[in-house]
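Colleague: Before I ask anything, let me first share the structure, which is written out below as structure tokens.
Please treat every number below as a calculation from the coordinates, not as lab data. If you're wondering where the values come from, they're calculated on a predicted model, not measured in any experiment. Neighbour counts run over all protein chains shown; Cβ positions are idealised from the backbone, glycine included.
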Amino acid sequence: MQKHSQVFMQGEGELFQLVRNFDWDDSAIGPISLWPSALQIALNNLLHSPLPGLLLWGTEFVQIYNDAFVAIVMESRDHPQAFGKPVKDSSTEITNLVLPYCQQVQRSGIGVLVHGESFGATTRKSLSLISCSPVFDDAGANPGILVTVFETTDENSDKTRLLASESRLHFALNAGGLGEWDLDLATFHLNASKNCKLNFGQPTNVPFSYSSLRAAIHPDDRDYQEAEVIKAIQTGTNLDIEYRVVFPDESVRWVNIRGQVEYDDQKNPKRIIGISVDITHQKNNEAKMLESKENFRHLAEQLRLSKEAAELGTFDLNLLTGELHWDDRCRILFGTTHSGPVTYEKDFVLGLHPEDRERILRVIDNTFNKSVSNGDYDVEYRTVGTSDGVIRWVRAKGKAYFDSTDRPVRFIGSVLDVTEKTMAIQRIEALVEARTQELALVNDDLVKTNMELKRSNANLEEFAHAASHDLKEPIRKIRVFTSQLKTQLGALLGENETHAFARIENATVRMGNLIDDLLLYSHVSQRSHEKENIDLNEKVRQALVDLDLNLEEKKAVVNVSPLPIVKGHRRQLQQLFQNLISNAVKYSKQNESPVIDIDSVDIEKDGLKFHLIRVTDNGIGFEQQYEEKIFRMFSRLHGSDKYGGTGVGLSIVKKIVENHDGRISVTSEPGKGSRFEILLPY
């Protein structure tokens, strides 16, 4: 294993050699490089102490001792067998004696003196005073115990006490990180201990002069330090100052310097002696605390401004003493004008509106019951000013706090004036009530009007049937009589007369078709409220059967892909396909057989699902700008002499699509045909 030889201050003697060469890596303490600084300082002091001493470290009480201890306790033993070993593995007479006291010191952190014991490895000495002092590590714990043995024989007692006092003093200073210094005011020679040099960031193995001390002080603090030293010399007061020190690595530390001026018989200042201690950690904590206080102050100010901006009132009720505190805003909201202390019964309870009082007190009782409300409080109520008599609406939110037995001990919260909002809501509610009554009257009128419209529509439908029958009969007679007259006059008719008879016959046919289409449009406009599942494949087949003669005459080809089942009206959906197919056949090219494709896909549009039905033809087409026009009643893009029809067919198609909550559009181009797209709800 690697040996560590240059960790401690230089020294001679058997124990120094043992420390340097001991295999600490495998010991119970571990490598020296990982030892706390307090342990290293304690060991250094122990090895240089003229008094018998023993250092016990850790929970296993690892033993480290000095030469004086070996001389009086272990002179007849092979002490290296005990060095660096736990007490349980190799103990001595003293460790057996003081172990219970060391355990006590380690638990309490307070040193003890053991009196009245007499023991030793030789009959030449009688030792009966043992000091057990705690040694603290870098974290503030006390895993170490320093055991010092003192002579108490009469001839050596004064010397022993003096050495013991001096040893304990130096040890206490070193263990606590305190540095000792002595400044000669005549020569300004500075005598400083190792810790004092460390506090100023100076090497420990070279002299430390007063000029070096001054140079180490932060430039901004040098005048302050000098002024305080002069003041202490002139007034005789103790020196107690704090200033910054700049280390060689440019890091800044804080030190606290305390000292006392000594004077000669003529009252002339002779020297200043004192101590130094690094207080950087304390200063950093103070800075953090100051910053926290400042942040808290800012936060409190922000809360105050927020409360004032929101016009919040606050309350705080001590349930143990009954003391109630309201801020000024809370007093205003309860209409309290007196400046004396407020009370729960007089100011709060009596300040509640009589109609709300019982309800609110019940809510508060529940708030004080942790199992019911968990202490939460949120309610609206009215107050009646005990002094001004003004009624106000307030919104109160708060929290009840409980002790370990779930007894309520404190109730705090805020109160907000919601009078304007509540009154506005009440005005709106009153207005809504009035409008509701008006709407009820209007609704009654609408019901009556709707019933009248239904009767009127029924009458109109009856009239349409009657008119259809009455109009079709004269047209039928015109066609019959015209045909008979044409037959009777056949040989006598010239070309002009024959053409006139043809125009009459054509007009009567068109009039009959128009009457049929109008009657059909009237039926389509009467939306049925009952829908059923309709197989569109079946409706297309029936439409093709009804149009078979026209399709055969035009040699039309109709390709039908599988179509969905939809909710709809049976007759209307068949009429829809019949009109679209008939329209495609009617407006086909003269020298080209019509080809009609009918297919369907499912799509999603505007977050809704639809069946998209497409009817595509290769007909004459039209300009896209006329898309809206072709769906209007009686609208035609071509003359009736070239393409027959009444101009009602596509209007019927659009009405049927609208009856099924769908949409219809068309895309067309002259000479390239048209495609009708119908969206029906999924």
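Colleague: Relative to the present Cα-Cα distance, how much length would full extension add between H189 and I428 at 0.36 nm per residue of separation?
Modeller: Between H189 and I428, full extension yields 76.9 nm more.
Colleague: Separate question: Treat region 14-53 as a sphere of radius equal to its Kirkwood radius over Cα pairs and apply Stokes-Einstein at 37 °C in a medium of 0.692 mPa s; give the translational diffusion coefficient in µm²/s, rounded to a whole number.
Modeller: Value of D from the Cα-based Kirkwood radius: 298 µm²/s.
Colleague: Fully extended, how many nm does the chain gain between T436 and K629 (0.36 nm per residue separation, minus their Cα-Cα distance)? Intermediate values should be presented prior to the final figure.
Modeller: Numbers: separation 193, 0.36 × 193 = 69.48 nm, distance 4.23 nm.
Stretched fully, the T436-K629 segment lengthens by 65.2 nm.
Colleague: In addition: Let me spell out the model: positive unit charges on the Cβ of Lys and Arg, negative unit charges on the Cβ of Asp and Glu, origin at the Cα centre of region 558-608. What dipole size does that give, in debye rounded to 20?
Modeller: Details: 6 positive and 6 negative charges, 76 e Å.
Dipole about the Cα centre, nearest 20: 360 debye.
Colleague: Same structure again: Let me see the P(r) profile for region 310-410: every Cα-Cα distance counted, bins of 10 Å, each bin given as a percent of all pairs.
Modeller: All Cα pairs considered, the percentages come to 15, 48, 31, 5, 0.
Colleague: Each label point is 7 Å from the Cα along the Cα-to-Cβ direction; what then is the distance between the points at Y682 and D388, in nm?
Modeller: Result for the modelled spin labels: 6.2 nm.
Colleague: Still on this model: Multiplying the sequence separation of R503 and N591 by 0.36 nm and subtracting their Cα-Cα distance, what value in nm do you get? Walk me through the numbers on the way to the answer.
Modeller: Numbers: separation 88, 0.36 × 88 = 31.68 nm, distance 2.63 nm.
Result for the pair: 29.0 nm of gain on full extension.
Colleague: Expressed in nm², what is the orientationally averaged projection area of the convex hull enclosing the Cα positions of region 24-76?
Modeller: Result: a mean projected hull area of 4.1 nm².
Colleague: Which distance in nm do the two modelled labels at K267 and K448 give, with both placed 7 Å along the Cα-to-Cβ direction?
Modeller: Here the modelled spin labels are 12.1 nm apart.
Colleague: Same structure again: Quick check on region 224-281: what does the Kirkwood estimate of hydrodynamic radius come out to from the alpha carbon pairs, in Å?
Modeller: In region 224-281 this quantity evaluates to 12.5 Å.
Colleague: Work out the FRET efficiency for H281 and D25 from their Cβ-Cβ distance, taking R0 = 30 Å, and round it to the nearest 0.05.
Modeller: E between H281 and D25, to the nearest 0.05, is 0.45.
Colleague: In what sequence, highest mean first, do 377-387, 50-60 appear when ranked by Cβ atoms within 10 angstrom?
Modeller: Order by mean packing, descending: 50-60, 377-387.
Colleague: Projecting each Cα onto the charge dipole of region 304-458 (Lys/Arg +1, Asp/Glu -1 at the beta carbon, about the Cα centre), which of T337, T436, A396 comes out farthest on the positive side?
Modeller: Farthest along the dipole direction, towards plus: T436.
Colleague: Each label point is 7 Å from the Cα along the Cα-to-Cβ direction; what then is the distance between the points at V480 and K88, in nm?
Modeller: Reported label-point gap for V480 and K88 is 13.2 nm.
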